[in-house]
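Remarks on the structure that follows.
The values are calculated or read from the model by the stated rules, or taken from the named source; none is laboratory data. Because the structure is predicted, anything quoted here is derived from the model rather than measured. Counting neighbours? That spans all protein chains shown, and the Cβs are built from the backbone with ideal geometry, glycine included.
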Amino acid sequence: MKPQIAIIDYGMGNLRSVEKALQRVGAQAGVIDSPEAAAGAKGLVLPGVGAFGQAMERLSEAGFDQLVKEWVIADRPFLGICLGLQLLFTESEEFGPVRGLDLVAGRVVRFRGPQYEQHGDKPGLKVPHMGWNSLNVTKLHAVVENLPPDAMAYFVHSYYCVPDDADWTTVVTHHGMEFTSAVSRRNVFASQFHPEKSGDVGLQMLTNFVGLVDAAA
Amino acid sequence: MLAKRIICCLDVDRGRVVKCIKFLDPRDAGDPVELARRYNAEGVDELTFYDITASHEARSIMLEVAARTAEEVFIPFTVGGGIRTIDDFRAVLKTGADKVSINTAALKRPKMITAAAERFGSQCVVLSIDAKRRADAAADAPKWECYTNGGRVPTDVDVVEWAQRGEELGAGEIVLNSIDADGTMAGYDIQLCRAVADAVTIPVIASGGAGKPEHLHRALTEGHCEAALVASIAHYSAHPIAEIKSYLAERGVPIRPTAFPP
């Protein structure tokens with residue numbers, strides 16, 4: 001049976017958790033390894049952990065870059081996670097600059113500044129930004145509905161996204177400075193944090209995404 | 001603000017969780033997936049499975065435990081013990097685990113850290129260091145030595161120097177196990193925590209010796225650690241995770257709230 005929610009496998013890890021978490025919240029989710037396999041799917045998930053440049057290469061080799069572009073431009077239900085958020089942007093400075101999918105105008109940059117360095121006895125903030133941090137919803141979106149006010153999610157990254165148009169920003173998080181930790185526009189949602197690793201808060205967001213897929217279907 | 005993490009460590013021997021004292025005398029503590037589920041429900045922030053047998057047959061049992069965990073528990077988890085090759089890394093990550101910890105193999109072949117970091121990203125390479133105080137060091141200038149093979153083999157490698165080297169090579173975080181404090185429930189080696197945490201910029205996880213919430217508080221404040229690993233304190237429910245978390249929260253340590261409103 002074709003999955004209703006297709007998870008893109010382009011060799012950048014972390015797929016099993018995403019698949020299992022979506023299945024846990026009742027979705028008929030499955031991994032696809034070619035763009036053709038997305039036929040019939042109502043929702044698309046772009047996960048990913050690793051380096052931006054390598055990820056872009058692998059996406060393009062398999063033809064997934066076109067799939068994602070067409071999907072997002074057509075405003076079909078889309079969930080990007082971690083690298084799957086960053087790849088939507090114009091370019092990343094990780095081992096680059098490297099061009100991204102350019103679906104969201106903006107750049108992916110590294111955490112830097114005196115707050116991340118040690119000063120005498122006072123340790124600096126750590127990079128990578130790894131662990132649980134707060135979600136502050138700045139723009140309502142279906143995926144971030146019904147979360148507790150003190151919701152936290154799990155992050156692992158050294159680079160963060162800076163959209164040119166602040167209207168994309170839907171969640172912000174603080175790590176030495178405030179940064180965009182999720183973007184959204186209609187049926188498109190993408191987060192720097194990992195909903196599939198964020199316990200009950202994450203499962204709630206995935207439930208919300210499945211609701212979005214059902215509503216659009 | 002980034003929360004300080006509480007990580008539950010499950011030592012697994014042929015598919016069962018066991019708990020050792022000073023790395024010896026294993027006692028049965030239950031089924032790994034059941035414990036993982038319980039700690040997740042109690043609000044632990046992360047899990048670590050450590051394969052203490054690490055024979056060939058045990059490896060497949062461990063992978064099966066990791067895969068079952070990934071089906072049920074949706075928080076980050078690490079698998080370690082007997083990891084020797086990049087293929088071992090791949091097999092573990094394929095189960096749904098987020099990180100792999102290496103110890104002996106890294107000391108024998110430091111380039112392994114770089115190879116794994118380049119292939120899978122630094123975020124999933126955890127350098128685990130088994131540290132023992134050197135008896136010949138002055139009390140006011142303590143030194144620690146790295147041990148391999150589950151705390152059995154001394155290496156003459158200095159712990160602080162190895163931690164720094166590990167970071168340069170590409171490790172994403174360090175789990176710092178005190179052999180002296182392991183299983184004693186008498187508190188973490190705070191001097192050790194601080195010596196390493198101040199010497200590197202990657203997160204350091206204190207491990208070995210937690211017996212009461214106060215011990216975690218010290219490791220996360222005075223010890224400058226980003227996370228604290230617990231085993232005995234949680235397995236025998238002397239102090240449930242929720243109690244440890246409220247203790248820390250009341251003292252101003254940023255932690256992840258455990259309760260999710262119905």
### Task
Hey, can you tell me all the residues within the stretch A:99-115 that are under 15 Å from A:ARG58 (Cβ atoms) and surrounded by 18 or more Cβ atoms within 10 Å (Cβ to Cβ)?
A:GLY100, A:LEU101
### Message
I'd like to know if the stretch B:145-162 contains one or more residues that are at positive phi and outside any loop (DSSP other than H, G, I, E, B).
### Response
yes
## Note on the structure
Flagged in the stretch B:91-118 as surrounded by fewer than 17 Cβ atoms within 10 Å (Cβ to Cβ) and modelled with pLDDT under 90, in numbering order, are B:LYS94, B:GLU118
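Could you please find all residues in the stretch B:235-253 being assigned to a loop (DSSP other than H, G, I, E, B), modelled with pLDDT of 95 or more and surrounded by 14 or more Cβ atoms within 10 Å (Cβ to Cβ)? Please lay out each step first, then the result.
So the first thing to find is which residues in the stretch B:235-253 are assigned to a loop (DSSP other than H, G, I, E, B), and the list is B:236-240, B:251-253.
Subset that is modelled with pLDDT of 95 or more: B:251-253.
B:VAL253 - this is the single residue of the stretch B:235-253 that is assigned to a loop (DSSP other than H, G, I, E, B), modelled with pLDDT of 95 or more and surrounded by 14 or more Cβ atoms within 10 Å (Cβ to Cβ).
With the structure loaded, tell me whether A:GLN86 is within 14 Å of chain B (Cβ to nearest Cβ), out of contact with any His (no Cβ under 7 Å at 6 or more places or on another chain), more than 21 Å from B:ILE255 (Cβ to Cβ) and modelled with pLDDT of 95 or more or whether it fails that test.
On the way: within 14 Å of chain B (Cβ to nearest Cβ): yes; out of contact with any His (no Cβ under 7 Å at 6 or more places or on another chain): yes; more than 21 Å from B:ILE255 (Cβ to Cβ): yes; modelled with pLDDT of 95 or more: yes.
Yes: the conditions hold for A:GLN86.
Taking strands (runs of 3 or more DSSP E) that fall entirely within the stretch B:35-120, which contain at least 1 residues that are over 25 Å from A:PHE155 (Cα atoms) and within 15 Å of the chain's Cα centre (by Cα)? Write out each step before concluding.
On the way: elements: B:46-51, B:77-80, B:99-102.
Of the strands (runs of 3 or more DSSP E) lying wholly inside the stretch B:35-120, those with at least 1 residues that are over 25 Å from A:PHE155 (Cα atoms) and within 15 Å of the chain's Cα centre (by Cα) span B:46-51.
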### Query
Out of (1) under 21 Å from A:ALA215 (Cα atoms); (2) touching a Ser or Thr at 6+ places or on another chain (Cβ under 6 Å), what's the single condition that is false for A:LEU44?
(2)
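When you scan the stretch A:86-98, do you find a residue that is in a helix (DSSP H, G or I), of a type outside the set (Asp, Glu) and within 22 Å of A:GLY13 (Cβ to Cβ), even just one? Explain how you work it out, then say what you get.
Pass one, the stretch A:86-98, residues in a helix (DSSP H, G or I): A:86.
With the extra rule that they be of a type outside the set (Asp, Glu), the set shrinks to A:86.
The next check asks that each one be within 22 Å of A:GLY13 (Cβ to Cβ); those that pass are A:86.
Yes, the stretch A:86-98 has at least one match.
Residues checked against (1) hydroxyl-bearing (Ser, Thr, Tyr); (2) in contact with a strand residue (DSSP E or B) (Cβ under 8 Å, 6 or more places away or on another chain); (3) touching a residue at least 60 places away in the same chain (Cβ under 8 Å); (4) within 14 Å of chain B (Cβ to nearest Cβ):
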| site | (1), (2), (3), (4) |
| --- | --- |
| A:GLN4 | no, yes, yes, no |
| A:ILE7 | no, yes, no, yes |
| A:GLY13 | no, no, no, yes |
| A:ALA37 | no, yes, no, no |
| A:GLY48 | no, yes, no, yes |
| A:ALA62 | no, no, no, no |
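From the list B:GLY211, B:GLY183, B:GLY187, B:GLY223, which one is of a type outside the set (S, T, N, Q), within 14 Å of another protein chain (Cβ to nearest Cβ) and in contact (Cβ under 8 Å) with a residue 12 or more places away in the chain? Quick ask: steps written out before the conclusion?
On the way: B:GLY211 fails: within 14 Å of another protein chain (Cβ to nearest Cβ); B:GLY183 fails: within 14 Å of another protein chain (Cβ to nearest Cβ); B:GLY187 fails: within 14 Å of another protein chain (Cβ to nearest Cβ).
Going through B:GLY211, B:GLY183, B:GLY187, B:GLY223 in turn, the sole match is B:GLY223.
Restricting attention to strands (runs of 3 or more DSSP E) lying wholly within the stretch A:3-74, give those where 3 or more residues are surrounded by 20 or more Cβ atoms within 10 Å (Cβ to Cβ).
Correct list: A:5-8, A:43-46.
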### Task
Please verify whether the stretch B:38-48 includes one or more residues that are aliphatic (A, V, I, L, M), out of contact with any helix residue (DSSP H, G or I) (no Cβ under 6 Å at 6 or more places or on another chain), at pLDDT 90 or above and surrounded by fewer than 23 Cβ atoms within 10 Å (Cβ to Cβ).
no
### Query
Inside the stretch B:1-15, can you point out the residues that are small (Gly, Ala, Ser) and either over 19 Å from A:PHE193 (Cα atoms) or outside any loop (DSSP other than H, G, I, E, B) (or both)?
B:GLY15
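For the stretch A:75-98, which positions are surrounded by fewer than 16 Cβ atoms within 10 Å (Cβ to Cβ) and either within 14 Å of A:TYR159 (Cα to Cα) or among the aliphatic types (A, V, I, L, M) (or both)?
At the first step, the residues of the stretch A:75-98 found to be surrounded by fewer than 16 Cβ atoms within 10 Å (Cβ to Cβ) are A:75, A:93, A:95-97.
Selection gives A:GLU93, A:PHE95, A:GLY96, A:PRO97.
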### Message
Just the residues that are touching an Asp or Glu at 6+ places or on another chain (Cβ under 8 Å), without any contact (Cβ under 8 Å) to a residue 60 or more places away in the chain and either within 12 Å of chain B (Cβ to nearest Cβ) or of a type outside the set (Lys, Arg) (or both), please, taken from the stretch A:103-120.
### Response
A:VAL108, A:VAL109, A:GLN118
### Query
Could you list, in sequence order, the residues of the stretch B:188-201 that are buried (at least 24 other Cβ atoms within 10 Å of the Cβ), in a loop (DSSP other than H, G, I, E, B) and touching a helix residue (DSSP H, G or I) at 6+ places or on another chain (Cβ under 7 Å)?
B:TYR188
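So which residues in the stretch A:32-68 are of a type in the set (Val, Ile, Thr) and closer than 24 Å to A:ASP200 by Cβ, if there are any at all?
Within the stretch A:32-68, the subset of a type in the set (Val, Ile, Thr) is A:32, A:45, A:49, A:68.
Hits for the stretch A:32-68 are A:VAL45, A:VAL49.
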